[in-house]
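In what follows, a single structure is set out as structure tokens and then discussed.
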Amino acid sequence: MAGTRPGFAAGHRADRLFFLAFIAMSWIGVAMGFAPQIAKRFGGTADYPAPAMLEIHVWAFFAWMAILTVQALLIGARRHDLHRLLGLSLVILVPVMTVSAIAAEIHSQRFYAPRDPENARFFALPLTSMILFAGTATLAFVKRGDPAAHKRLILLATAVILSAAFGRWWGEPIGMLLGDGFWGTLLGNWAGTIALVAAAALYDVATRGRVHRVLLWGGGIYALAFAGAAVAYLSDWWPAWVRGALGLTAG
């Protein structure tokens with residue numbers, strides 16, 4: 001298979017089950033993490049009205065998850081033609097999701113700045129996730145001729161955009177356990193992403209005897225990016241830089 005490291009099988013009879021399990025766990029994370037926020041929106045108790053960019057991001061995110069689910073089912077049904085055709089829509093969603101997420105977070109920062117100047121620290125976390133998402137999702141499109149790499153890049157891209165969902169679900173108990181320092185910040189935000197990527201690596205070992213290079217390199221880059229974001233979050237310079245860059249003023 002072109003572009004695939006010799007000796008690494010592009011497919012395995014258990015792949016369909018694993019990727020369906022991955023998608024199922026992703027949907028559980030979405031439900032557990034976002035249900036309270038959705039309830040607040042519909043109940044009129046959210047901190048501020050949803051801006052257009054947030055609405056666009058929410059719909060684009062759910063479109064990504066829905067298309068990903070259908071894509072997995074199409075592969076199981078051996079409809080590779082429809083899988084490739086539908087995959088083009090994911091390419092369109094990548095810039096939409098990235099730009100709308102960052103724009104929505106800037107709106108959030110502008111709302112919270114007068115009330116809590118230190119909230120600017122948080123900007124490091126979603127910004128890091130969306131940069132990683134844009135990079136891995138774009139590479140997934142580039143590597144679509146290499147099935148083994150393509151599937152794992154899609155997994156990496158999906159796992160990192162789920163950080164907000166898992167962070168809302170797991171973040172508070174992790175923070176209570178580890179505190180608000182480096183590890184509490186890193187794992188409180190990205191424990192779900194790390195768990196999903198680790199599960200994929202363990203699956204590779206179980207079915208191929210080793211981890212695919214995409215997960216090795218991607219996992220390493222993710223780890224460095226998460227650590228850097230946690231350091232920035234805890235620093236004195238980052239919130240000051242964010243407030244200056246975005247023109248935020250404290251109350």
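The values are calculated or read from the model by the stated rules, or taken from the named source; none is laboratory data. Being a predicted model, the structure only gives us computed values, none of them experimental. Positions of Cβ are backbone-derived with ideal geometry, glycine not excepted, and every protein chain shown enters the neighbour counts. Side chains included, ligands, DNA and RNA excluded: accessible areas come from the protein's heavy atoms. Shrake-Rupley method; radii C 1.70, N 1.55, O 1.52, S 1.80 Å.
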The conditions are (1) under 30 Å from V205 (Cα atoms); (2) open to solvent by 60 Å² or more (accessible area, probe 1.4 Å); (3) not in a helix (DSSP H, G or I), and G11 fails exactly one of them. Which is it? (2)
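Rundown of residues vs (1) within 25 Å of R144 (Cα to Cα); (2) among the charged types (D, E, K, R); (3) open to solvent by 70 Å² or more (accessible area, probe 1.4 Å), yes/no style:
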{"site": "G33", "(1), (2), (3)": "no, no, no"}
{"site": "W64", "(1), (2), (3)": "yes, no, no"}
{"site": "I67", "(1), (2), (3)": "yes, no, no"}
{"site": "V70", "(1), (2), (3)": "yes, no, no"}
{"site": "R79", "(1), (2), (3)": "yes, yes, yes"}
Return only the number of the condition from (1) on the phi > 0 side of the Ramachandran plot; (2) in contact with a Leu (Cβ under 7 Å, 6 or more places away or on another chain) that G44 does not satisfy. (2)
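With of a type in the set (A, V, I, L, M, F, W, C), open to solvent by 60 Å² or more (accessible area, probe 1.4 Å) and either under 21 Å from I131 (Cβ atoms) or in a helix (DSSP H, G or I) (or both) as the only criterion, which of V197, V242, V205 stands out?
Values: V197 fails: open to solvent by 60 Å² or more (accessible area, probe 1.4 Å); V242 fails: open to solvent by 60 Å² or more (accessible area, probe 1.4 Å).
On inspection, the qualifying residue turns out to be V205.
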Give the residue that is surrounded by the fewest Cβ atoms within 10 Å (Cβ to Cβ), with candidates limited to residues of region 208-225 that are within 19 Å of H12 (Cα to Cα) and either touching a Cys at 6+ places or on another chain (Cβ under 8 Å) or not hydrophobic (A, V, I, L, M, F, W, C) (or both). G209
Check whether at least one residue in region 27-40 is of a type in the set (A, V, I, L, M, F, W, C) and more than 16 Å from W169 (Cβ to Cβ), and report yes or no. no
Can you tell which of A195, A201, A165 is closer than 18 Å to R16 by Cα and of a type outside the set (D, E)? A201
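Within 21 Å of L54 (Cα to Cα), in contact with a helix residue (DSSP H, G or I) (Cβ under 9 Å, 6 or more places away or on another chain) and not aliphatic (A, V, I, L, M), is that true of Y203?
no
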Among the numbered conditions (1) touching a residue at least 24 places away in the same chain (Cβ under 8 Å); (2) open to solvent by less than 60 Å² (accessible area, probe 1.4 Å); (3) more than 20 Å from T136 (Cβ to Cβ), tell me where L187 comes up short. (1)
Exactly one of G218, G228 is closer than 18 Å to P126 by Cβ and at pLDDT 95 or above, and that residue is G228
Just a yes or no: is a residue in region 98-117 touching a helix residue (DSSP H, G or I) at 6+ places or on another chain (Cβ under 8 Å), within 17 Å of A140 (Cα to Cα) and modelled with pLDDT of 80 or more? yes
For region 107-134, which positions are surrounded by 18 or more Cβ atoms within 10 Å (Cβ to Cβ) and aliphatic (A, V, I, L, M)? A113, A120, A124, L125, M130, L132, A134
Of the residues V211, V160, which is out of contact with any strand residue (DSSP E or B) (no Cβ under 8 Å at 6 or more places or on another chain), of a type in the set (V, I, T) and either farther than 27 Å from A31 by Cβ or not in a helix (DSSP H, G or I) (or both)? V211
